[in-house]
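The values are calculated or read from the model by the stated rules, or taken from the named source; none is laboratory data. Please read all numbers here as calculations on a predicted model, not as lab measurements. Reconstructed Cβ throughout: ideal geometry from the backbone, glycine too, with neighbour counts over all protein chains shown. What goes into the accessible areas is simple: the full protein's heavy atoms, side chains included, and nothing from ligands, DNA or RNA. Shrake-Rupley method; radii C 1.70, N 1.55, O 1.52, S 1.80 Å.
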Amino acid sequence: MARAKAAAKPKAPGTKKRRGVKLTPAQLSPANLALDPLPENLAALADAVAGDGGRVLAAYREPLGGHPLMLVALPLDTIVPTPFQRDISDTHVRRLTHAMDKTKRYLDPIIVVREPTELGRYWTPNGYHRLTALKELDAKTVVALLVPERAVAYQILALNIEKAHNLREKSIGVRRMYIDLAAMPDMKQKEEDFALEFEEPALATLGFAYEERGRLSGGAYHPILRKVDKWLPGRLEDAMEQRRERAKLLLAFDEAVQAVVDKLKEKGMTSPYLRNFVISRVNPLRFIKGEPPPVDELLPSMAKRARGMNVDKINPGDVARSGGPPAGDE
């Protein structure tokens, strides 16, 4: 008779197993988290912190994966945002500043990695707004969680819930990471190796498109790109040129669409959904069964269709019938 399986530990109410999650927690008890004395590699990092004018307050293993962390106090001027960080939101900084002013407390440590640059000694991938708020309040010191591994600075953006990114911010952040990673010596990984950091191929294409055209209505094109854009093969540095070319195809399509939108406006049409109407008219994907064409073929084909549209055959009723919120978010 087969040996009976051990009874599975009951899950906490309201929890469930997420598809694709393979992590097995380290199962460390509270008594096993403290690191005392420091391992050799952390001792060297602690010495570097002291040399930077900071101080290690505590060292421990984080309870999920058992990886070492240090709680440190650092001079504020030694920390800068990562090069691939999203742009600052003045509204968010103002809210943080007023909240800190009211509570007279700073309770949420930022995360940093030690990465000496011309501008600072540490990068923060998720604390730019809090860092800016502290500077506005003329603070001199910040408490931070110091992560020994530099690569975590890229991965940590997936955990950044300080403020939700919109499509434009996500895309620009992916482009900045892409450029920074591609420039690393001995970088042999390909795009798909950074699927966690980049999230999806469409964001990489949009990111390089935003680099050339900051006011691009990316949300109108995102649904199409999500269906047909794929990870590119080859080393990141080599793939980047092809990614830029793909962004140029998107911009050429955008120009063709904008030309039609301008003509419709000249006819007196003022719907906020004109761009989406034009895109839907030239989008063949809804009629294609099976595998869609490659994005490098689809975008020029759609641009050609847009340039051939006869706006004299379009009336306001056509646009009204296709009304609705724009696809995607900006």
Convert each backbone phi in region 60-65 into a coupling constant with the Karplus relation 6.51 cos²θ - 1.76 cosθ + 1.60 (shift: θ = phi - 60°), then list the ³J(HN,Hα) values in order as whole Hz, x for Gly and Pro. 7, 9, 5, x, 7, x
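Restricting everything to alpha-carbon atoms, can you work out Rg to Rh for region 215-330 with a Kirkwood hydrodynamic radius?
Details: Rg = 15.1 Å, Rh = 15.2 Å.
Across region 215-330, the Cα-based Rg/Rh ratio is 1.00.
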Starting from the Cα-Cα distance between Arg150 and Ala44, subtract it from 0.36 nm times their residue separation and give me the gain in nm to one decimal. 36.6 nm
Taking H as built 1.01 Å from N, whose amide H comes closer than 5 Å to the amide H of Gly66, not counting residues under 5 places away? Ala26
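Would you mind putting 294-300, 20-26 in packing order, based on average other-beta-carbon counts within 10 Å, highest first? Write down the numbers at each step before the final one.
Details: 294-300: 16.9, 20-26: 7.6.
By packing density, highest mean first, the sequence is 294-300, 20-26.
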Between Thr91 and Lys289, the FRET efficiency computed from the C-beta separation at R0 = 56 Å comes out, to the nearest 0.05, as 0.75
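Once the convex hull of the C-alpha atoms of region 101-233 is built, how many Å³ does it hold per residue, rounded to a whole number? Intermediate results must be reported in sequence, preceding the final value.
Numbers: hull volume 19.6 nm³, N = 133.
With only Cα atoms used, region 101-233 gives 147 Å³ per residue.
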Quick check on packing: order 235-242, 31-38 by the mean number of other C-beta atoms within 10 Å, highest mean leading. 235-242, 31-38
Out of Ala46, Ala303, Leu35 - ranked by how far each Cα lies towards the positive end of the dipole of the chain, with unit charges on the beta-carbon of charged residues - the top one is Ala303
Per-residue HN-Hα couplings for region 194-201 [Karplus 6.51, -1.76, 1.60; θ = phi - 60°; Hz; x = Gly/Pro]: 10, 4, 5, 6, 8, 6, 7, x
Computed from the beta carbon distance with a Förster radius of 56 Å, FRET efficiency for Thr117 and Lys16 to the nearest 0.05 stands at 0.85
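Among the listed pairs Lys190/Lys230; Lys102/Lys135; Lys265/Lys313; Lys267/Lys313; Lys22/Lys190; Lys230/Lys304, give every one whose C-alpha distance is greater than 18 Å. List each step's numbers first, then the result.
Working: Lys190/Lys230 12 Å; Lys102/Lys135 16 Å; Lys265/Lys313 14 Å; Lys267/Lys313 11 Å; Lys22/Lys190 22 Å; Lys230/Lys304 22 Å.
Where the Cα-Cα span goes over 18 Å, the pairs concerned are Lys22/Lys190; Lys230/Lys304.
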Quick one: 3J(HN,Hα) in Hz for region 280-285, Karplus 6.51/-1.76/1.60 with θ = phi - 60°, rounded, Gly and Pro as x. 5, 5, 9, 8, x, 4
Could you tell me how many degrees, from 0 to 90 and to the nearest 10, lie between the Cα long axis of helix 218-228 and the main elongation axis, the longest principal axis, of the Cα atoms of the chain? 90 degrees
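In Å², what does the accessible area per residue of the chain work out to with a 1.4 Å probe?
Values: 19270 Å² over 330 residues.
That works out to 58 Å² per residue.
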For Ala59, what residues show an amide H to amide H distance below 5 Å, using hydrogens built from the backbone and excluding near sequence neighbours? Leu35, Leu71
Please check: in the Gaussian network model of the chain (C-alpha springs, under 10 Å), which one of Val311, Val80, Val147 has the largest mean-square fluctuation. Val311
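Taking 0.36 nm per residue of sequence separation and subtracting the Cα-Cα distance, how much length would be gained by fully extending the chain between Glu255 and Lys304, in nm to one decimal?
Values: separation 49, 0.36 × 49 = 17.64 nm, distance 1.10 nm.
Full-extension gain reported as 16.5 nm.
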Farthest towards the positive end of the dipole of the chain, among Ala153, Pro83, Gly20 and with Cβ unit charges of +1 on Lys and Arg and -1 on Asp and Glu, lies the Cα of Gly20
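Using heavy-atom solvent-accessible surface (probe 1.4 Å) with all chains present, what is the largest-first order of Met187, Met309? Don't skip to the end; give the middle numbers.
Working: Met187 20, Met309 40 Å².
Descending order: Met309, Met187.
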Rounded to the nearest percent, how much of the accessible area of region 199-280 (1.4 Å probe, protein heavy atoms only) is carbon and sulfur? 46 percent
Using modelled amide H (1.01 Å from N, peptide plane; none on Pro or chain starts), what sits under 5 Å from the amide H of Thr141, excluding residues fewer than 5 places away? Leu76
Please give the peptides 175-185, 124-134 ranked by average Cβ packing (other Cβ atoms within 10 Å per residue), highest first, as a rough proxy for protection. 124-134, 175-185
